[in-house]
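Visitor: Below you'll find the structure I mean.
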Amino acid sequence: MAERLYARLCENVNLHIRRGAWYRVLKVEDLHATLEVNKRPVPVAKALLEFVKRPPAKWTVVQQRASWIATPPAGFTSEYGVCPFCTERAPLAPGIRRMDCPSCKSDFEVAWNERYLR
C-alpha cells in the first residue's frame, strides 16, 4: 500500500484552495498532484506544493494583504489562522498560544514560529 501524503500550497497563488490548509494527496504524477478538496479531486502543480507524511496539529498562521483580495471583508486583518483539523479560517489575537476552532471546536497550538508564505 502506498504511503499517505498531505500537501498544502507553498506559494502565494490563487488556486481556489485554502492557503495554509493541509489536503490529502490522492495521486502524484510527474508534474501534478491531485488533492482531495471538499471531497473533490483538484490537480495542482507539484512545484506549488509542500508535502508531508503527517500534517502538524497546529494552527497555520497565514499572512495576507488587502490587495490580494478582490473585496476584503469587513474586519479584515493581515493574519488569520487555518485549523489543522477542519481547515476553517479564524481571526488570530496577537500572541495567542492556543485556540479553539469556532467550527469544529478542536483546540490547537498556534504555529507563530512557522514561516508559512513569509
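Coordinate-derived values only; no laboratory data. Bear in mind the structure is a predicted one, so any value in this text is a computation, not a measurement. Every residue, glycine as well, gets a Cβ built from its backbone with ideal geometry; the counts of neighbours run over all protein chains shown.
Visitor: Across the chain, where is the longest run that never hits GluC sites (Glu not before Pro) in a DSSP loop with at most 16 other C-beta atoms within 10 Å?
Guide: 30-87
Visitor: Can you return the lysines within cross-link range of Lys105? Criterion is Cα-Cα under 22 Å, with same-chain partners fewer than 8 residues away left out.
Guide: Partners within reach: Lys39, Lys58.
Visitor: Loop only per DSSP, at most 12 neighbouring Cβ atoms within 10 Å: give me the trypsin sites (Lys or Arg not before Pro) in region 1-32, ordered by residue number. Before the final figure, lay out the partial values.
Guide: Working: sites: Arg4, Arg8, Arg18, Arg19, Arg24, Lys27; in loops: Arg4, Arg18, Arg19.
Answer in residue order: Arg4.
Visitor: How big is the convex hull of the Cα atoms of region 1-48, per residue, in Å³? Please report the intermediate quantities before stating the final value.
Guide: On the way: hull volume 3.6 nm³, N = 48.
Taking the convex hull of the Cα positions in region 1-48, it is 75 Å³ per residue.
Visitor: Something else: Counting Lys and Arg as +1 and Asp and Glu as -1, each charge on the Cβ, what is the dipole of the chain about the Cα centre in debye, to the nearest 20?
Guide: Taking the Cα centre of the chain as origin, the dipole is about 100 debye.
Visitor: Give the long-range amide H neighbours of Val37: residues separated by 5 or more places, or on another chain, with amide H under 5 Å away, using H modelled in the peptide plane at 1.01 Å from N.
Guide: Counting only residues 5 or more places away or on other chains, the set is Val42.
Visitor: Could I ask something else about it? For Trp59, which sequence-distant residues (separation of 5 or more, or a different chain) have an amide H within less than 5 Å of its own amide H, given hydrogens modelled in the peptide plane?
Guide: Glu109, Val110, Ala111
Visitor: 5 Å is the cut-off here: which amide hydrogens, built 1.01 Å from N in the peptide plane, fall below it relative to Ser106, excluding neighbours closer than 5 in sequence?
Guide: Counting only residues 5 or more places away or on other chains, the set is Cys101.
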